[in-house]
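A.B. asks: One structure is given below, represented as structure tokens, and several questions about it will come after.
The values are calculated or read from the model by the stated rules, or taken from the named source; none is laboratory data. Quick caveat: nothing in here was measured; it's all calculated off a predicted structure. Counting neighbours? That spans all protein chains shown, and the Cβs are built from the backbone with ideal geometry, glycine included.
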Amino acid sequence: MVANSFDQHSAITSYIITPLSFLSGTFYSVKDLPGVLQQINTLNPFFYMIDGFRYCITNKADGSIIIGVSFLIIANILVYFTLERLIDKGWRIKG
């Protein structure tokens with residue numbers, strides 16, 4: 001919905017997806033970060049996804065699993081309705 005070309009698709013991956021995934025505690029515990037960065041990380045959806053996988057495998061988590069599942073459900077609902085509204089408006093649809 002956002003990108004017009006392959007270059008723009010790769011820019012989204014390079015500048016948004018990759019940093020969010022690396023800063024979410026993939027290779028380290030988020031509890032090792034300073035307090036301010038821990039608070040900022042609570043807005044990162046990749047943190048909750050990776051924390052959920054870690055909990056399933058090791059039965060240990062950096063955050064609350066209930067909060068993580070709730071955050072991801074709410075985020076998915078918001079994205080769904082936003083995209084549905086944009087498609088209904090015909091935003092950037094050629095035809």
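A.B. asks: Just a yes or no: is a residue in the range 66-86 hydrophobic (A, V, I, L, M, F, W, C), modelled with pLDDT under 90 and either outside any helix (DSSP H, G or I) or surrounded by 10 or more Cβ atoms within 10 Å (Cβ to Cβ) (or both)?
C.D. replies: For the range 66-86, residues hydrophobic (A, V, I, L, M, F, W, C), modelled with pLDDT under 90 and either outside any helix (DSSP H, G or I) or surrounded by 10 or more Cβ atoms within 10 Å (Cβ to Cβ) (or both): present.
A.B. asks: Return yes or no: is Lys94 over 24 Å from Gly25 (Cβ atoms) and either touching a Ser or Thr at 6+ places or on another chain (Cβ under 7 Å) or not aliphatic (A, V, I, L, M) (or both)?
C.D. replies: yes
A.B. asks: Is there any pair with a first residue in the range 43-54 that is free of Cβ contacts under 8 Å to residues at least 60 places away in the same chain and a second that is part of a helix (DSSP H, G or I) and aliphatic (A, V, I, L, M) whose Cβ atoms are under 6 Å apart and which are 6 or more apart or on different chains, and what are they?
C.D. replies: That search, which allows pairs on different chains as well, returns Asn44/Leu20; Pro45/Ala75; Phe46/Leu20; Tyr48/Leu72.
A.B. asks: Quick one: how many residues across the range 1-39 are of a type outside the set (Phe, Trp, Tyr), at pLDDT 85 or above and in a loop (DSSP other than H, G, I, E, B)?
C.D. replies: 7
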